[in-house]
Amino acid sequence: MQRGRYNNSITRTLHPLHAYGPVLNGDIGRFTLWCRDAVSLDLLLFEHAGDLRPLRTVSLNPGDHRLGDVWSVEVPGVKAGMCYVWKLDREEGKTRVTDHYVLDPYAPAIHGSPHWGQSMIRHPGEPLSNGPAFPKGVVVDSSFDWGDDPRPSIPWKEMVVYEAHVRGMTAGPNSGVNDPGTYAGLIEKIPYLKKLGITSLELMPVFEFDEMEYFHHNDPRANLRNYWGYSTLGFFAPNGRYAAAGVRGQQVDEFKSLVKALHRAGIEVILDVVYNHTAEGGEGGNTYSFRELGRDTYYIHDSKNGYHNYSGCGNTVNCNHPVVRQFILDSLRHWVLEYHIDGFRFDLAPILCRGRNGALLERPPLIEEIDEDPILRHTKMIAEAWDAAGAYQVGSFPSTRWPEWNGKYRDDVRRFWSGEPGMLSAFATRVLGSEDLYSGQPLGALKSVNFVCCHDGFSLRDVVSYRDKHNEANLENNRDGENRNHSSNFGVEGPTQDPEINRLRLQMQKNFLATLLISRGIPMFPAGDEIGRTQHGNNNAYCQDNELSWLDWNLEADQTELLAFTREMIKLRKDLPALQFGGLIHQGPEETVKGRVRWIGQENREPNWGTDQAVGLLISGQGRHIGTERDHQDVLIFFNASAKSVRFHIPDTDQCKWKPRLHTCAKRAHRTNLGTQIQTKAHSVMIYSASRKKS
């Protein structure tokens, strides 16, 4: 029997947790790449990413540097900050493809353009070539002083999620930070986040992406930016242009410093991640890595139909192929181990559930492996439970431990407050945790991530200021973006000088925020909704790297009032445990009344679920076990979405002394106790609490 030839160095250096990418050990660098179809490989090392010629070229051959589909080489004289790229020859059918550059998919940092909004390609439409314009991996020193790094470990029921864009938080001219638009700039805003009261910062994509991707093609949007970043170039690398310190590995330490600072403030970090498609796009897109390394492995692709496009972005990652599953798991582990990330929100998560032919799988191997992985098992996972091909898994995502973005919550709550008739029953269902979707789930109502607005769609201020989308600035003839916004302009489209309309719009923003923070589940809102940020009717600002998307830190009086209300509302949710209760109405131990509810109709009658637009809600804070008075506070809430005042009779006035907590119709709640009835104002939320008298 003939023995296979193995090189001692490759079998010695491969390690199961660090199998791929560059690893620096002293001045020796080990570079490892998965590639099934390569005939030969060259490793090109550069002193500077823009150099025309490599500092050194190392040639790999199958006999000495290949084990199965894995190529690896050890190179002396390597130091942190050096850049590298692979060049391969491979067989494609009967054709030999030669001298193609490949960006390492496992690169821990990527050097492309050194500055945000600047392309290394000089002219629009010029293709990426095998030259200085091609992005390169960076060798990094992964050591970092984390200190004790106290992990916040926020329980699901206590979470208040704040969705933010790293650049958008501080890129504006009045952000008041030293390094606008960067990780360092965001660190300076941590005191603001702490005072706001949020527990969890969900960052829009920070994986390396190319904001200049429209510039590389003859695209009408050539002068716009891929601002949101849902077009991943490197799945192990933090975006270099978000770093004030530089792009030759400094972005690694700066992002770690951000996470460390947030943890010290008691705020956990959740990353919005995109594993459903890549920056390579479909036919005719730029080739960086995966097309060269194994198109049919990494993408759902066939010779007849080409790239399957379930993502709406040209390609779909073949997530349940064994090689790709391993790649995604390695990436997630990397961010948990290297960056101490607390959780992930998965963009278009149903694509993670599709098999190699694109069909949805009942038990997707990737989801099962994430759930059972010893490193990831206790990391928070959140699903955006729909994709661009019609898969809608809200209420049915195939994991009991992944909360879901609840798009039905957004729609039903908006429809109720916009005055649409017949919405009271659906509204009540959403407020109490969407039992129609999550009955029988171990997480109960905490399976639902509730939101009225997110990065995708109108801002909260625009929900109450615009009836129609206004996306002309995106240069797509206003065809992009959602058409069904369930919004209202209250008589004027956009800005107005009418004081009554502006007063009502402010009150309506408070109504939405109060509803969100009262509802059972995990509340989430996007950065700026607490200060009335507007996108001037643009409900798809993915390419707007300007004042339309950036936070404006100069606040008018109404914005300051809204910010104070949001802080008080978050504090109230924390102060009243009944508002954090995660159980569903028909789920939980029978021996406790904690969390039980009673709906109250107007004029001392039962609610008419088909026609009423106002309702009261009594939530019991009484538990079986002895606790503090705070633990036993009952909560009484009145929602009035109608255009007229509505009278309610107050329940249990003989046993409770109801105290006003927050009203959306006033800057401060009235400091008088409730009598036997109350007249609620039009378009308002009124909140009271009380400790029930002991019998």
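The values are calculated or read from the model by the stated rules, or taken from the named source; none is laboratory data. All of these numbers come straight from a predicted model, not from anything done at the bench. A quick note on method: Cβ atoms are made from the backbone with ideal geometry, for glycine too, and the neighbour counts reach across all protein chains shown.
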If a residue must be over 17 Å from R345 (Cα atoms) and not charged (D, E, K, R), how many such residues does region 389-433 contain? 21
Check every one of the helices (runs of 4 or more DSSP H) wholly within region 149-207 and list those with 3 or more residues that are touching a helix residue (DSSP H, G or I) at 6+ places or on another chain (Cβ under 9 Å), in contact (Cβ under 8 Å) with a residue 40 or more places away in the chain and surrounded by 19 or more Cβ atoms within 10 Å (Cβ to Cβ). 166-170, 183-187
Just to check your reading of the model, which residue among A445, A426 is touching a residue at least 60 places away in the same chain (Cβ under 8 Å) and either among the small types (G, A, S) or buried (at least 20 other Cβ atoms within 10 Å of the Cβ) (or both)? A445
With the condition kept exactly as written, say whether any residue in region 240-248 is touching a residue at least 24 places away in the same chain (Cβ under 8 Å), surrounded by 20 or more Cβ atoms within 10 Å (Cβ to Cβ), of a type in the set (V, I, T) and assigned to a loop (DSSP other than H, G, I, E, B). yes
Between a first residue in region 394-413 that is among the small types (G, A, S) and at pLDDT below 95 and a second residue that is assigned to a loop (DSSP other than H, G, I, E, B) and surrounded by fewer than 18 Cβ atoms within 10 Å (Cβ to Cβ), which pairs have beta carbons less than 6 Å apart while being 6 or more apart in sequence or on different chains? none
Would you check if there is a residue in region 252-269 being closer than 26 Å to V102 by Cα and over 17 Å from the mean Cα position of the chain (by Cα)? yes
Determine, yes or no, whether A514 is small (G, A, S), touching a residue at least 12 places away in the same chain (Cβ under 8 Å) and either assigned to a helix (DSSP H, G or I) or closer than 16 Å to K194 by Cα (or both). yes
If we keep just the residues of region 208-226 that are part of a loop (DSSP other than H, G, I, E, B), out of contact with any Ser or Thr (no Cβ under 9 Å at 6 or more places or on another chain) and at pLDDT below 95, which is surrounded by the fewest Cβ atoms within 10 Å (Cβ to Cβ)? N218
The condition from (1) within 30 Å of K644 (Cβ to Cβ); (2) assigned to a loop (DSSP other than H, G, I, E, B) that D545 misses is numbered (1)
Pull up region 52-106, narrow it to residues that are more than 39 Å from the chain's Cα centre (by Cα) and among the basic types (K, R), then point me to the one that is nearest to S289 (Cα to Cα). R96
Are any residues in region 585-623 polar (S, T, N, Q), over 19 Å from I650 (Cα atoms) and at pLDDT below 95, and if so, which ones? Q587, T592
Here the residues within region 1-60 that are at pLDDT 90 or above, under 25 Å from D296 (Cβ atoms) and among the small types (G, A, S) are G21, A38, S40
Sort through Y101, Y106 and tell me the only one that's touching a Phe, Trp or Tyr at 6+ places or on another chain (Cβ under 7 Å) and not in a strand (DSSP E or B). Y106
Please state which one of L376, L352, L366 is surrounded by 16 or more Cβ atoms within 10 Å (Cβ to Cβ), hydrophobic (A, V, I, L, M, F, W, C), modelled with pLDDT of 95 or more and assigned to a loop (DSSP other than H, G, I, E, B). L376
Taking the condition of being over 27 Å from L506 (Cβ atoms) and among the acidic types (D, E), how many residues in region 399-440 meet it? 3
Whichever residue in region 288-320 is touching a residue at least 24 places away in the same chain (Cβ under 8 Å) and surrounded by fewer than 18 Cβ atoms within 10 Å (Cβ to Cβ) and, among such residues, is nearest to the chain's Cα centre (by Cα): G312
Given the options G229, G284, name the one that is small (G, A, S), without any contact (Cβ under 8 Å) to a residue 24 or more places away in the chain and in a loop (DSSP other than H, G, I, E, B). G284
Among the numbered criteria (1) under 22 Å from G234 (Cβ atoms); (2) charged (D, E, K, R); (3) at pLDDT below 95, which single criterion is violated by K304? (1)
